[in-house]
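S.K.: Handing you a structure now.
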Amino acid sequence: MTGFIARRLVSVVFVLWAMTVLVFLIVHVLPGSVAHMILGEYATNEAIAALEQRLGLNDPLYLQYWHWFSGLLRGDFGNSLTMDRPAGPLIMDALGKSAILAGVSIVLVAIIGIALGIHSATHVGSWADRGLTLMQYFFIAVPEFFWCILVILFFAVWLGWLPATGYTPLADGGVLGWAKHLVLPVGTLVLGLIAHVSRLVRSSMLEAIESRYVLAARAKGLPEWVVLRRHALPNALLPAITVLAVDVGILIGGIVVVESVFAYPGLGRMLIYAIDNQDLPLMMGGMMVITAIYAIANLVADILYAVLNPRIRVSGSAG
Amino acid sequence: MKEGFTQRIPRTLVLGGIIVGSICILAALGPWIVPFEPDAFAIRERLLAPSAAHWFGTDEFGRDVFSRVLAGAHHSLLMGFGATAISLVIGVPLGLIAAFRRGWTEEAIMRGVDLMISIPPVLLGLLILAVSDPSLFKTMLAVGLVYVPIMTRVARAVALGLLAEDFVEAARARGEGGFHILAREILPNAWPPLIVETALRITFAILLGSALSFLGLGPQPPDSEWGLMIAESRPFIGEAPWIGLAPGLCLCLLLVSVNVVGEGLRDLLDPRLRGRGHG
């Protein structure tokens, strides 16, 4: 088990390092002068030269990389070009805001998704079960960004119940003001994921219910809810955990879109801002932080799976 | 055999195919059949609601939304089919080579694939598009690259299975070279699972491509890519919701029908299902 975790940790570290190389290369090797892009079309040659000097763009690439990489290791993301402030605190602040969105969404998805999945597996053919199948199509067919527009149109423009965009800190708006700004973004984020998770739980739950150990548990005369909770559910949730990491990937993509539409000041919106304004340190830092979170989420899912699955546990400690 | 094959074509596949086909035809004919010039401003006809003259209304510049949706249809199709084609062309050879060569070649290819998969798809797309001027082709390329690892994995898994077959052994015994075995023995037999994967991928490629366009990293104004149109409609969402709803609903229709075709093809071609049919 320790060996397994150690191996996975090493691979996470490797992925993150490789990502620093990839991000750096793509940003610095692709054609196009950074200084030119920052200063715009009508910049004088002197201004471009001065900016290139200031950004260290005349140094050899490996030196620039080392400068950036060693900074990252120290937790220094460099200076934001457009805001002229250290990028690190900006990124961390945005990360905190995104974490609220992501945290609330994951909790909701886990609770509602699993509950719906179990319900439709135990009530095959019911209206709820059929509704879930339809929801799956909806999830595939309606792009997240279009769903955002529909939600804004309906709840903010027509009904006027909720604010369309923005964010209110807890301190300013109180719990209600804070929550009001979260309802639409979170609602948009969780819908597709709930459809995904509940479909998955439904099919693995069905498989478990048809298994022999459930038959044996029923034959023992156990009450139905004990059979479902003690025997079927733990086995049915196991495959769901592996897909959790995939869902975190979908969630990250969703957050980028949702934050942009709802003008929510999180990491995704910051990343799009950085790209639009060619703020390279902010952009590179944001990408590294998102990759790191994704890698950690994958790691946690793997470890959870190993901890919960006796078969992997055995082979892991043997190998 | 032939009859049994046509009988098993599900009705949803036919219906989805017809819709996808008509969208393709409309997109191809788009520039010639638009009732209005898609980019022509008409200041007196700003933000008109849908009517007999303007089926989907007009936008903030008085441009006919129906004409723009029609003229922009080819973008989504190109992004879906083009990007998937790119991921096929790059991913499949890599997967076949990885399966055939084994050793460090396979190790290098598959570790690269692992690395790409450890980046969330949208982020990988953003990374590729971040520092160059956006255009339809670049978005297509970025989406294609995002899905290369999946194609590589599928192709490798399929090829590993086929390499153990007798007909490959026979080709080896005849003294055929590696290229011949991969191109003439493995590839023709690897198509069914690859087509299924491709068909299912197209939906995601259209989704990702239009999301990137929506974020401003695709075709640029005055182009009428659907994601871009939806993004541009945001300031007018209250007074003229049709500007965004029209391309959005068309996108939904396209996504559903492409997905139905993909799932229909899977039911038709999936080797496991076919094996069950033979009993």
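S.K.: Over what distance in Å are the Cα centres of region A:50-113 and region B:22-47 separated?
M.R.: Result: 43 Å between the Cα centres.
S.K.: Can you give me the % of accessible surface on region B:12-147 that is carbon or sulfur? Probe 1.4 Å, all protein chains present, nothing else counted.
M.R.: Looking at region B:12-147 in its full context, I get 73 percent from C and S.
S.K.: When the solvent-accessible surface of protein heavy atoms is calculated with a 1.4 angstrom probe, in what order do A:Arg85, B:Arg63 fall, highest first? Spell out each step's value before the answer.
M.R.: Working: A:Arg85 125, B:Arg63 10 Å².
Sorted by accessible area, descending: A:Arg85, B:Arg63.
S.K.: Rolling a 1.4 angstrom probe over the protein chains, ignoring ligands and nucleic acids, what is the accessible area of B:Phe236 in square angstrom, nearest 10?
M.R.: That residue has around 40 Å² of solvent-accessible surface.
S.K.: Let me ask you something else. May I ask for the net charge around B:Leu136, where only other residues with Cβ less than 11 Å from the Cβ of B:Leu136 are counted and Lys, Arg are +1 while Asp, Glu are -1?
M.R.: -1
S.K.: Separate question: If each of B:Phe137 and A:Val21 carries a label point 7 Å out from its Cα toward its Cβ, how far apart are those two points in nm?
M.R.: 2.9 nm
S.K.: Among rounded, prolate and oblate, which fits the protein assembly as shown when a ≥ b ≥ c are the square roots of the eigenvalues of its C-alpha gyration tensor, a/c under 1.5 means rounded, and a/b larger than b/c means prolate?
M.R.: Cα axes put the protein assembly as shown in the rounded bin.
S.K.: Considering amide H positions built from the backbone, and no H for Pro or chain starts, which residues 5 or more places from B:Ala42, or on another chain, come under 5 Å of its amide H?
M.R.: Here the answer is B:Gly62, B:Arg63, since their amide H atoms fall under 5 Å of that of B:Ala42.
S.K.: Could you check the spin-label model distance between A:Ala263 and B:Ile195? Points 7 Å from the Cα along Cα→Cβ, value in nm.
M.R.: 5.0 nm
S.K.: May I have the convex hull volume per residue, in Å³, for the Cα set of region B:123-279?
M.R.: Here the figure is 134 Å³ per residue.
S.K.: Let me ask something else. Could you compute the FRET efficiency for B:Asp267 and B:Val14, with r as their C-beta to C-beta distance and R0 at 22 Å, rounded to 0.05?
M.R.: Given R0 = 22 Å and the Cβ-Cβ separation, E is 0.95.
S.K.: According to the square roots a ≥ b ≥ c of the eigenvalues of the Cα gyration tensor, what is the shape class of region A:185-319, taking rounded for a/c under 1.5, prolate for a/b larger than b/c otherwise, and oblate for the remainder?
M.R.: In terms of gyration-tensor shape, oblate.
S.K.: Give the A-B buried accessible area in Å², both sides summed, 1.4 Å probe, nearest 100.
M.R.: 3400 Å²
S.K.: Mean separation of Cα pairs under 8 Å and 6+ residues apart, divided by the residue count of region A:100-243: what relative contact order is that in percent?
M.R.: Relative contact order for region A:100-243 comes out at 32 percent.
S.K.: Next up: Heads up, I need the accessible area for B:Leu145: 1.4 angstrom probe, whole protein in place, Å², nearest 10.
M.R.: It works out to around 50 Å².
S.K.: Using a 1.4 Å probe on the protein heavy atoms only, what accessible surface does A:Val124 show? Give it in Å² to the nearest 10.
M.R.: Result for A:Val124: roughly 90 Å² accessible.
S.K.: Taking R0 as 25 Å, what FRET efficiency do you get between A:Glu46 and A:His67 from their Cβ-Cβ distance, rounded to the nearest 0.05? Show your work: numbers first, answer last.
M.R.: On the way: r = 24 Å, r/R0 = 0.97.
E(calc), rounded to 0.05, equals 0.55.
S.K.: Quantify, in whole percent, the carbon and sulfur part of the accessible surface of region A:1-133 (1.4 Å probe; protein heavy atoms only). Walk me through the numbers before you get to the answer.
M.R.: Details: 5350 of 7770 Å².
Carbon plus sulfur share of accessible area: 69 percent.
S.K.: Here is a follow-up. Just tell me the longest site-free run in chain A, where the sites are trypsin sites (Lys or Arg not before Pro) in a DSSP loop having at most 13 other beta-carbon atoms within 10 Å.
M.R.: Working: sites that count: A:Arg74, A:Lys220.
The answer is A:75-219.
S.K.: Convert each backbone phi in region A:213-219 into a coupling constant with the Karplus relation 6.51 cos²θ - 1.76 cosθ + 1.60 (shift: θ = phi - 60°), then list the ³J(HN,Hα) values in order as whole Hz, x for Gly and Pro.
M.R.: Whole-Hz 3J(HN,Hα) from phi for region A:213-219: 5, 6, 4, 5, 5, 5, 5.
S.K.: Provide the per residue accessible area, probe 1.4 Å, for region A:1-132, rounded to a whole number of square angstrom.
M.R.: 58 Å²
S.K.: Right, something else. How would B:Ser132, B:Ser67 rank on accessible area, largest to smallest, probe 1.4 Å?
M.R.: Working: B:Ser132 25, B:Ser67 0 Å².
In descending accessible area the options line up as B:Ser132, B:Ser67.
S.K.: Can I ask one more? For chain A, what's the relative contact order in percent, using C-alpha pairs closer than 8 Å and at least 6 residues apart?
M.R.: Numbers: 322 pairs, mean separation 88.6, N = 319.
Normalised by residue count, the contact order of chain A is 28 percent.
The values are calculated or read from the model by the stated rules, or taken from the named source; none is laboratory data. The structure presented is a predicted model; accordingly, all values stated were derived computationally and were not measured. Note that each Cβ is placed from the backbone with ideal geometry, even for glycine, and that neighbours are counted across all protein chains shown. Just so you know, the surface numbers come from the protein's heavy atoms only, side chains and all, with ligands and any DNA or RNA stripped out. Shrake-Rupley method; radii C 1.70, N 1.55, O 1.52, S 1.80 Å.
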